[in-house]
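A.B. asks: Here you go, one structure.
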Amino acid sequence: MKQILRTSALTAIAVLAPLCASAETLIRLDLPQDYSRLAVREMKAELGRIVEGAELGLRWQSASERPSEVNGRTVSVAITGRCFGGPPSQYEAGPLGWTKTINGRVLPFVEISCARIATILEPALRDEPQAVRDLFFGKALARVLGHELAHALSRTEHHAHEGLRKSALSPRDLMQSRYRLARADFAQPPLARPRPVRDPQVAQSTPEPAEALAADSGDDLGR
């Protein structure tokens, strides 16, 4: 009898263990060929500090690797351009990062422009040693990624009036201020309750046209 109870208890633990595991957030990172390892290392460390209290369980994986199983959510992040803390190969204006959308629906696909970040940081970092420039560049990357990650995980285009989730970040925001994002910044809003249908005949659905990939305008994180 004791053996049966012990076996039943072990079976229950085995079944419940996956349900009790902490949720993860897997970031599949696509880096350009020309990037600073120091800047990317600082980006990961700074993002960890920003989301420390959000319980995201961050895990990183290269986009070139086979996707691994994750107990939670996955976000694909593509970083483009020459990612060093130095003068950009060409000066660019426009959004620093954006989250892709399709028919108004926010998707877990983020893109970040190193050229545009370098354009903003260059005046402040021009006279600094290369290592210092790379560290500040990595910090700026983390701020932009934290902003976009909030969009991608909450699946909303919501912006705040202040903090890291505001619609535009200044050079000071990217380099000097300290930011923290909370668990609520990454939570998806509750689904709206469907309205009751009084006439059953009205409940017939109408086919919609096939979805087309919208322009990458899910977010306008600018200067």
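The values are calculated or read from the model by the stated rules, or taken from the named source; none is laboratory data. Computed from a predicted structure; not experimentally measured. All Cβ positions, glycine included, derive from the backbone under ideal geometry; neighbour counts span all protein chains shown. When the accessible area is computed, the model is the full protein with side chains, heavy atoms only, and any ligands, DNA or RNA have been set aside. Shrake-Rupley method; radii C 1.70, N 1.55, O 1.52, S 1.80 Å.
A.B. asks: May I ask you to evaluate 6.51 cos²θ - 1.76 cosθ + 1.60, the Karplus curve with θ = phi - 60°, for each residue of the range 125-130 and list the ³J(HN,Hα) values in order in whole Hz, giving x for glycine and proline?
C.D. replies: Karplus values, whole Hz, x for Gly and Pro: 9, 4, 9, 8, x, 4.
A.B. asks: Which whole-number percent gives the relative contact order of the range 84-179, counting Cα pairs below 8 Å spaced six or more residues apart?
C.D. replies: With pairs under 8 Å counted, the relative contact order is 31 percent.
A.B. asks: Sort 64-71, 108-115 by packing, meaning the average of other beta carbons within 10 Å per residue, with the highest value first.
C.D. replies: Result, highest mean Cβ count within 10 Å first: 108-115, 64-71.
A.B. asks: Quick one: which residues, 5 or more positions from Asp30 or on another chain, have an amide H under 5 Å from its amide H? H modelled 1.01 Å from N in the peptide plane, none for Pro or chain starts.
C.D. replies: HN-HN under 5 Å from Asp30: Ala63, Val77, Ala78, Ile79.
A.B. asks: Which of the peptides 29-40, 128-139 is most tightly packed, and how do the rest follow, going by the mean number of other Cβ atoms within 10 Å of each residue?
C.D. replies: Going from most to least packed, we get 128-139, 29-40.
A.B. asks: Another question, then. Using only protein heavy atoms and a 1.4 Å probe, report how much of Ile50 is accessible, in Å² to the nearest 10.
C.D. replies: Accessible area of Ile50: about 0 Å².
A.B. asks: In addition: Could you pull the accessible area for Glu157 with a 1.4 Å probe, rounded to 10 Å²?
C.D. replies: 90 Å²
A.B. asks: Amide H of Glu24 versus every other amide H placed in the peptide plane: which residues, excluding those fewer than 5 positions away on the same chain, fall under 5 Å?
C.D. replies: It is Asn71, Gly72, Arg73, by chain and number.
A.B. asks: Between beta-carbons, use under 11 Å as the cut-off and find the net charge around Leu164, counting Lys and Arg +1, Asp and Glu -1.
C.D. replies: +1
A.B. asks: For the range 26-142, with equal point scatterers placed on the C-alpha atoms only and solvent neglected, what are the log10 I(q)/I(0) values from the Debye formula at q = 0.13, 0.21 1/Å, to two decimals?
C.D. replies: With no solvent term, the Cα-only Debye profile gives -0.53, -1.23.
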